[in-house]
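Each remark here refers to the structure printed beneath this line.
Please treat every number below as a calculation from the coordinates, not as lab data. Keep in mind that what you see is a predicted model, and the values were worked out from it rather than measured. Heads up, the Cβs are rebuilt from the backbone with ideal geometry, glycines too, and the neighbour counts pull from every protein chain shown.
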Ligand code: 26V
């Protein structure tokens with residue numbers, strides 16, 4: 001590159017130092033000598049923020065001036081991770097800040113360690129949203145993210161005697177320098193009440209008479225593109241009681257009740273629901289969904305669009321992308337605005353509504369599909385329920401016209417389920433209203449169209465498409481793995497950071513012994529760093545040089561942490577019984593990271609069992625430290641950034657057909673870990689790209705699994721017929737890992753695996769063990785292994801979220817990047 005980067009042209013170490021000290025003095029009211037580390041962290045963050053602010057305002061001005069087509073990404077979750085480093089990188093301030101702070105004697109690493117990440121998401125879906133807004137900004141797409149500013153994010157996981165105990169995530173306790181509240185732009189959101197006949201007389205109109213309201217206060221976050229001068233906005237809403245809310249009750253004379261009522265209103269954005277598989281049908285969750293969706297729609301219609309904008313042209317100006325079904329209540333909300341508030345006839349409103357929403361589905365598990373009971377929905381949002389009924393009536397007529405006489409089909413497709421209670425199927429509503437529906441990996445999109453939403457795909461084949469997930473290379477390679485990033489840039493230049501397919505240029509270097517040696521050195525250094533982090537963070541000691549075998553993801557039966565556990569127990573059983581000589585065992589550190597939904601009993605039992613097995617193995621001196629289980633509590637984005645670059649082996653072992661995509665799998669491959677995985681989700685695409693010889697495939701395919709399940713799966717038969725499997729399960733059941741205790745989690749997991757085994761772990765056990773033997777053999781040949789690892793990096797550039805966003809632009813949004821002056 002010949003042109004100096006943005007910051008270097010405009011800023012110097014001196015000006016940065018001046019700004020930083022000003023922030024310390026006037027922002028924190030301290031001088032450098034007396035500043036606490038937190039003072040310095042806040043001053044530094046604000047300094048970095050200032051550098052981005054000019055660009056932010058410019059972006060907003062241009063956005064208003066150009067009135068270009070905009071993408072609004074509606075998501076109940078944004079799992080952002082730490083902000084400081086990413087902002088410094090985007091603003092090209094990393095070197096200047098480093099130099100400035102060094103001269104002041106301030107330790108940047110110490111300050112970075114103080115940042116508490118905003119954990120405003122459960123897992124994959126929330127982290128995907130965060131990667132997407134990063135790529136939208138980097139690709140110069142006019143866009144805005146809309147979500148909820150939870151006061152408490154995903155719970156902080158602790159272990160007590162190996163069992164998960166949840167603690168509140170008080171991420172705002174020291175204040176956040178990354179958010180800008182705008183109480184003056186608060187909008188009102190209504191709930192409850194009833195509907196009455198409308199005055200206007202337009203077709204379909206009714207008037208909603210709500211009985212309570214809350215204010216939604218926007219908090220803006222900057223979303224900087226990578227060194228392109230664009231800074232987009234993430235707008236998260238926080239609930240506040242309205243004055244009216246208080247007044248009503250104050251007038252009734254009950255002061256204490258009025259204050260209590262404030263709490264009720266403010267509860268709406270209080271806490272992130274930690275369930276990410278089985279919807280609980282909780283009223284507060286529906287309140288959250290409508291709260292942020294109603295505020296976001298109003299915000300766009302009333303503040304982003306000019307006052308005189310003709311809403312018939314809405315499809316030229318916006319796509320609202322629905323991140324799963326959580327924001328789908330936006331569909332009846334837009335209908336309500338157009339028909340009831342703007343006086344449009346129903347048909348006109350529906351024609352526009354059908355052109356502005358697109359729906360991304362993130363699951364295949366039937367129990368994870370959201371439904372809201374008609375009873376609850378009607379109480380909280382009576383007008384929306386009426387609108388949903390009418391949408392459904394007209395939709396059903398359409399189905400009848402297309403498939404005359406097929407009433408079974410009508411019942412299957414209806415937006416309203418009749419059993420076990422009358423309820424709104426949010427995925428059906430999203431599919432009917434959306435102009436596109438996408439899955440998140442090839443296999444997943446195929447299964448969506450062939451199975452879960454088959455009837456809909458038959459009716460509207462053109463509606464269904466795929467966009468394979470991706471991850472941002474800025475955070476998950478450039479920031480997380482500076483060593484590897486330096487090596488890559490030295491080899492092929494730094495264009496890969498925004499054009500990840502350029503990693504292909506590394507392919508020939510897989511055959512270069514010197515390159516491989518340096519690659520290994522970096523991996524080794526990353527492992528030592530990870531070991532240091534684990535020791536400081538969790539007091540866990542691991543060998544600096546063993547194979548790092550990582551399984552990190554939410555705890556779910558379909559993801560099969562229990563299969564990983566069986567592998568470990570089987571190895572241990574083999575060693576302690578003398579079947580496997582100790583010196584034939586590859587030294588491995590098994591790293592787990594996993595939170596269980598607080599009400600998901602079997603998931604919690606699995607955690608307790610992993611910890612019990614880990615404690616036993618880690619304490620067994622006869623293993624001479626060859627096997628080690630490390631299960632740091634509270635796995636989060638911050639820890640991921642230290643683990644992913646250190647991993648040798650990535651465990652992606654879900655039952656085929658159950659993991660929609662996975663994104664951890666992509667992060668590991670991009671950082672040179674090899675995958676042991678099933679033919680599921682994006683694993684399929686990873687394997688195709690890296691080649692069979694650089695991937696450890698095992699297990700049934702999706703059709704094989706579906707077939708076995710249809711024939712009648714009997715886990716007991718596997719238990720009885722595979723002596724190694726039986727020995728592992730029996731050892732688990734014997735109580736050796738639980739101080740003699742054979743009941744509780746031990747009995748429960750044993751029974752669930754041998755009697756039901758919903759996700760067929762036992763059926764894949766043999767194949768998994770064989771794959772692990774191949775892993776050991778391959779790992780023994782350092783040169784061949786690192787060749788494969790380099791090829792994994794070189795061939796997985798496809799999994800950049802920049803490519804995902806480009807696919808959304810091409811296949812769904814029809815929005816175009818706009819270039820602005822740099
Ligand atoms: C689902 C639900 C269900 C209703 C109750 C509340 C709730 C909250 C979150 C979720 C999201 C679960 C779905 C999810 O995270 N799916 C993951 O999405 C990733 C990004 O597309 C994908 O890589 C993972 O395979 C998929 O499991």
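Observations
- Taking the fewest neighbouring Cβ atoms within 10 Å as the starting point, the ordered list for 553, 436 is 436, 553.
- Distances between every pair of Cα atoms in the stretch 282-332, grouped in 5 Å steps from 0 to the bin holding the largest one, split as 4, 17, 27, 23, 15, 8, 4, 1 percent.
- Taking only the Cα atoms of the stretch 232-344, the ratio Rg/Rh comes out at 1.03, with Rh defined as the Kirkwood radius.
- Per residue, the average separation of C-alpha pairs within less than 8 Å and at least 6 apart gives the stretch 544-781 a relative contact order of 23 percent.
- Hull volume per residue, based on the alpha-carbon atoms of the stretch 390-445 and their convex hull, is 114 Å³.
- Over all Cα atoms in the stretch 5-113, the spread is summed up by Rg and Dmax: 16.0, 50 Å.
- One Cα centroid belongs to the stretch 202-230, the other to the stretch 685-725; the line between them spans 46 Å.
- Rounded, prolate or oblate (a/c below 1.5 giving rounded, otherwise prolate when a/b exceeds b/c) for the stretch 700-778 by Cα gyration tensor: oblate
- Cα extents of the stretch 275-416 along the three principal axes, largest first (Å): 46, 40, 28
- Expressed in Å, the radius of gyration and Dmax of the Cα atoms of the stretch 316-361 are 10.8, 32.
- From the C-alpha gyration tensor of the stretch 544-781, square roots of 5λ in Å: 24, 22, 18
- Mean Cβ count within 10 Å, highest first, over the residues of peptides 266-278, 199-211: 266-278, 199-211
- Counting every alpha-carbon pair across the chain, the share separated by more than 44 Å comes to 29%.
- Remark: relative contact order (the stretch 352-484) = 31 percent; criterion is Cα-Cα distance under 8 angstrom and separation of 6 or more residues.
- Mean separation of Cα contacts under 8 Å (6+ apart) over length of the chain, as relative contact order %: 13 percent
- Kirkwood Rh in Å, taken over all unlike Cα pairs in the stretch 183-267: 15.8 Å
- Cα shape, the stretch 82-175, gyration tensor, a/c 1.5 rule: oblate
- Globularity ratio of the stretch 301-385, using Cα Rg and 2.2 N^0.38 Å: 1.23
- Value of Rg to Rh for the stretch 478-521 (Rh from inverse mean 1/r over Cα pairs, i.e. Kirkwood): 0.95
- Per residue, the convex hull spanned by the Cα atoms of the stretch 181-223 measures out at 126 cubic angstrom.
- Calculated Rg and Dmax of the stretch 581-629 using C-alpha coordinates, Å: 13.4, 42
- Each 10 Å bin from zero holds the following percent of Cα-Cα pairs in the stretch 416-551: 10, 23, 20, 19, 18, 9, 1.
- Descending principal axes extents, the stretch 545-638, alpha-carbon based, whole Å: 41, 27, 21
- Global form of the stretch 120-261, assessed from the alpha-carbon gyration tensor, a/c cut-off 1.5: oblate
- Rh by Kirkwood over Cα pairs, then Stokes-Einstein D for the stretch 363-414 at 0.890 mPa s and 25 °C, µm²/s: 194 µm²/s
- Kirkwood Rh (inverse of mean 1/r, distinct Cα pairs), the stretch 624-755, angstrom: 17.4 Å
- Rounded to 5, percent antiparallel among DSSP beta bridges of the chain: 45 percent
- Burial order of peptide ranges 694-703, 401-410, 332-341 (average beta-carbon count within 10 Å, highest first): 332-341, 694-703, 401-410
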